[in-house]
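Report on the structure given below.
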Amino acid sequence: MVSKLTALALAALIMCLMLPAAAAPAPLPMTEMDLVFVFEGQAYALASPAKELLAALKKAGVGLTESRADSCLFEGEDKEFLGEELLIGTLPKGPRGEDMLETVMVLAGDHLTSRGLGIGSSGEELLAAYGEPSLTDYDLMIYALGDAEDSPQLVFVLDLDTGLVNSYYYFYNTQG
């Protein structure tokens, strides 16, 4: 025979199971803060002068190899600075032709986005933090600040076998 207390507890449990589960809150929309790379507590925005980030990396002992090419869009040279953990791409788009941040790609390390995700995060975590991407293309989940074709973007590169982030990058996506 079931005690009255056990029957009440069982009834309460059954009623709780019948209630709809509370939906997880919807992710916040993309903002400019989602497109800021943080290094040693300092934020570096896309389309800002690259010299500050490059100086901070050098001061921290981060070795970078520089390569240059004539810019197709601007007067001067496009530059890439490649290290073990990061690739920094610049364009000569500043007021006096100074190098501006176009791309910050995280290749390794424990660098995180403003929403706390990074290499090793799962596709499910990306969806929970950012919602549905503006565009999915093979192994890329692309989150755009505005129109997906020409606005700044945060792009996650996934390992298709594991569904985990291999690398990610902030991309200014200038078309001229």
Looking at segment 24-41, which of the residues that are more than 21 Å from residue 53 (Cβ to Cβ) and open to solvent by 90 Å² or more (accessible area, probe 1.4 Å) is modelled with the lowest pLDDT? 25
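Tell me which residues, restricted to segment 135-145, are part of a loop (DSSP other than H, G, I, E, B) and under 13 Å from the mean Cα position of the chain (by Cα). Outline the logic, then answer.
Residues of segment 135-145 that are part of a loop (DSSP other than H, G, I, E, B), as a first pass: 138-139, 145.
Residue satisfying the conditions is 145 alone.
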Please tell me if residue 176 is at pLDDT below 95 and open to solvent by 30 Å² or more (accessible area, probe 1.4 Å). yes
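Across segment 112-134, which residue is modelled with the lowest pLDDT among those that are assigned to a loop (DSSP other than H, G, I, E, B) and open to solvent by 20 Å² or more (accessible area, probe 1.4 Å)?
Taking segment 112-134 first, the residues assigned to a loop (DSSP other than H, G, I, E, B) are 113-117, 119-121, 131-134.
Imposing the further condition that a residue be open to solvent by 20 Å² or more (accessible area, probe 1.4 Å) reduces the set to 114-116, 119-120, 132-134.
Numbers: 114: 94, 115: 95, 116: 96, 119: 98, 120: 98, 132: 92, 133: 93, 134: 88.
Only one residue tops the list, namely 134.
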Return yes or no: is residue 47 surrounded by fewer than 18 Cβ atoms within 10 Å (Cβ to Cβ) and either closer than 21 Å to residue 152 by Cβ or of a type in the set (Ser, Thr, Tyr) (or both)? yes
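The values are calculated or read from the model by the stated rules, or taken from the named source; none is laboratory data. Note that the structure is predicted; figures quoted are calculated from it, not measured. Note that each Cβ is placed from the backbone with ideal geometry, even for glycine, and that neighbours are counted across all protein chains shown. Calculation scope for accessible area: heavy atoms of the full protein, side chains included, ligands and nucleic acids excluded. Shrake-Rupley method; radii C 1.70, N 1.55, O 1.52, S 1.80 Å.
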